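The values are calculated or read from the model by the stated rules, or taken from the named source; none is laboratory data. Please read these numbers as outputs of a predicted model, since none were measured by experiment. All Cβ positions, glycine included, derive from the backbone under ideal geometry; neighbour counts span all protein chains shown.
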Amino acid sequence: MSVGGLSLARLDRLRDVLAGYVERGEVPGLVAVIGRHGYVHIDALGTLAAGGERGPVRRDSIFRISSMTKPIAAAATMILVEECAIRLDEHVDRLLPELADRHVLSTPDAPLDDTVPASRPITVRDLLTFRLGFGELMAPPNAYPILAEAAERHIGLGPPHPTAFPDPDEWLRRLGELPLMHQPGERWLYNTSADVLGVLVARASGQPFETFLQERICQPLHMTDTGFFVPPEKIARFATGYGTDFATGETVVYDEPETGEWSEPPAFASGGAGLVSTADDYLAFASMLLGGGRLGDVRILSRPSVELMTTDHLTPAQKAISGLFPHFFDDRGWGFGVAVHTRRDDVVSSGSYGWDGGLGSAWRNDPTEAMVTILLSQQAWTSAEPPPVCRDFWTSAYAAIAD
């Protein structure tokens, strides 16, 4: 028997596979979502905290979605592009003068005063495609002078820590005092561009970034539990966050719900990794994109804007010198805030798109199969590559397709 083109027996098998991770203690709890042809399958497994003292994970449990914030920041930017408040190829100098007249390090490991002038200004498109020229380098935090200085200024390279950020204007001032690592438009670099997008959206709209997201995306889509902090009346639904002590290999608490970094409004609403959300909230956002910018009677973006967002914008030369790990771009590219699968060498179809959160979440939209897959957990990844629980989730989800 099948519903929405999904085998119910194989969905049971998917649940058994995911339950194994919980039973072995590899993941304290998780919520898995498959949406297809109007049918939504959700498994909520495990507990909000290791040991079970905070109760079971439920469908409406709240998780830190970290880098799954990036696609929402990109969608917010595209709303303003559609309204002609900003333009894709305009220089950001008009709204972000702190980023005007850039200088670029002669090499990424050079002293901070060893620079050359930028070959051109930074554009809005550079931010959306992560070609700003500044971002995470695959090196230890203090390996290069620029990385050490970025850490000292709390620019936000590495795992998300909302309480470490200053307010948006001060954050951008600090970033603007640093040289770029590479020329604008030269190569893909992770993370920082999305945080800059949040400041751009705020200045272009005349509203705080968090207010714009609520009014233009979250409220229209009824994403009632998505935000940059968890208010006291919802803390009971907020999962404890866990990470790994790499010296011992032991699981440790990364963030406590009641007293942690998401327990109060942050000074800086991070477009790169700041949001918390639920399975149903993110399903609404993902379904809107899969629907060409519309969910039911609510239209957030036009179909052409969504198609532009989910098109690969990187050149082969840029892919050859970029990535979070070796061969990262062999089977994918980058759109606006999302990775785009460019060939099918796994179960995910070519043309699928989405992104992951290093604190334990993953999302893909597959237009070919008309399918949304979302996995939320509170166990942080130990590397940039998806852990086995994600890979087994995707394998099992696609194995359930029965049409």
Failed item in (1) outside any helix (DSSP H, G or I); (2) of a type in the set (Gly, Ala, Ser); (3) surrounded by 22 or more Cβ atoms within 10 Å (Cβ to Cβ); (4) at pLDDT 95 or above, with residue 194 passing the rest
(1)
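Rundown of residues vs (1) aliphatic (A, V, I, L, M); (2) under 23 Å from residue 66 (Cα atoms); (3) assigned to a helix (DSSP H, G or I); (4) in the same structural domain as residue 191 (by TED's automatic domain parsing), yes/no style:
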residue: 317; (1), (2), (3), (4): yes, no, yes, no
residue: 330; (1), (2), (3), (4): no, no, no, no
residue: 364; (1), (2), (3), (4): no, yes, no, no
residue: 369; (1), (2), (3), (4): no, no, no, no
residue: 372; (1), (2), (3), (4): yes, yes, no, no
residue: 390; (1), (2), (3), (4): no, yes, yes, no
residue: 393; (1), (2), (3), (4): no, yes, yes, no
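Taking into account only those residues within region 243-265 that are among the polar types (S, T, N, Q) and not in a loop (DSSP other than H, G, I, E, B), which is surrounded by the most Cβ atoms within 10 Å (Cβ to Cβ)? First the steps, then the outcome.
Step one: of region 243-265, the residues among the polar types (S, T, N, Q) are 244, 248, 251, 259, 263.
Subset that is not in a loop (DSSP other than H, G, I, E, B): 244, 251.
Numbers: 244: 15, 251: 17.
Filtering region 243-265 for residues that are among the polar types (S, T, N, Q) and not in a loop (DSSP other than H, G, I, E, B), the one surrounded by the most Cβ atoms within 10 Å (Cβ to Cβ) comes out as 251.
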Please specify each residue of region 266-299 satisfying the condition of being within 20 Å of residue 366 (Cβ to Cβ) and part of a loop (DSSP other than H, G, I, E, B).
291, 292, 293
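Do the conditions hold for residue 326, that is, is it free of Cβ contacts under 8 Å to residues at least 12 places away in the same chain and assigned to a loop (DSSP other than H, G, I, E, B)? Steps first, please.
On the way: free of Cβ contacts under 8 Å to residues at least 12 places away in the same chain: yes; assigned to a loop (DSSP other than H, G, I, E, B): yes.
Considered against the rule, which asks whether it is free of Cβ contacts under 8 Å to residues at least 12 places away in the same chain and assigned to a loop (DSSP other than H, G, I, E, B), residue 326 comes out as yes.
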Does residue 251 count as assigned by TED's automatic domain parsing to the domain that holds residue 339, touching a Pro at 6+ places or on another chain (Cβ under 8 Å), more than 21 Å from residue 288 (Cβ to Cβ) and not aromatic (Phe, Trp, Tyr)?
no
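So which of 297, 281 is at pLDDT 95 or above, outside the structural domain of residue 181 (by TED's automatic domain parsing), of a type in the set (D, E, K, R) and crowded, with 19+ Cβ neighbours inside 10 Å? Show your work before the answer.
Working: 297 fails: crowded, with 19+ Cβ neighbours inside 10 Å.
After applying the criteria, what remains is 281.
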Taking region 123-151 and keeping only residues that are surrounded by 23 or more Cβ atoms within 10 Å (Cβ to Cβ) and in a loop (DSSP other than H, G, I, E, B), one is left with 129, 130, 131, 132, 133, 134, 135
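Which one is farthest from residue 401 (Cα to Cα), of the residues in region 2-14 that are modelled with pLDDT of 95 or more and surrounded by 15 or more Cβ atoms within 10 Å (Cβ to Cβ)? If you could, list the steps in order and put the result at the bottom.
Here is the first cut: in region 2-14, the ones modelled with pLDDT of 95 or more are 5-14.
Right, trim to surrounded by 15 or more Cβ atoms within 10 Å (Cβ to Cβ) and you get 5-7, 10-11, 14.
Values: 5: 6, 6: 5, 7: 6, 10: 8, 11: 9, 14: 12 Å.
So, considering only residues that are modelled with pLDDT of 95 or more and surrounded by 15 or more Cβ atoms within 10 Å (Cβ to Cβ), the one farthest from residue 401 (Cα to Cα) is 14.
Collect the residues in region 55-72 that are outside any strand (DSSP E or B) and either in contact with a Phe, Trp or Tyr (Cβ under 8 Å, 6 or more places away or on another chain) or modelled with pLDDT under 95 (or both), keeping them in residue-number order.
Restricting attention to region 55-72, the residues satisfying the condition of being outside any strand (DSSP E or B) are 55, 57-61, 65-72.
If the condition is that a residue be outside any strand (DSSP E or B) and either in contact with a Phe, Trp or Tyr (Cβ under 8 Å, 6 or more places away or on another chain) or modelled with pLDDT under 95 (or both), then 61, 65, 67, 68, 70, 71, 72 are the ones that fit.
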Residue hits (region 27-50; in contact with a Pro (Cβ under 8 Å, 6 or more places away or on another chain) and either part of a strand (DSSP E or B) or surrounded by fewer than 22 Cβ atoms within 10 Å (Cβ to Cβ) (or both)) are 29, 44, 46, 47, 49, 50
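Just to verify a result, which residue in region 213-242, among those that are of a type in the set (Val, Ile, Thr) and not in a loop (DSSP other than H, G, I, E, B), is farthest from residue 376 (Cα to Cα)? Write out each step before concluding.
Here is the first cut: in region 213-242, the ones of a type in the set (Val, Ile, Thr) are 217, 224, 226, 230, 235, 240.
Going one step further and asking which of them are not in a loop (DSSP other than H, G, I, E, B), we end up with 217, 235.
On the way: 217: 20, 235: 17 Å.
Here the residue is 217.
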Counting only residues in region 341-368 that are buried (at least 22 other Cβ atoms within 10 Å of the Cβ) and among the aliphatic types (A, V, I, L, M), the one farthest from residue 72 (Cα to Cα) is identified as 348
Residue among 109, 101, 89, 93 that alone is assigned to a helix (DSSP H, G or I) and either modelled with pLDDT under 95 or not assigned by TED's automatic domain parsing to the domain that holds residue 355 (or both):
93
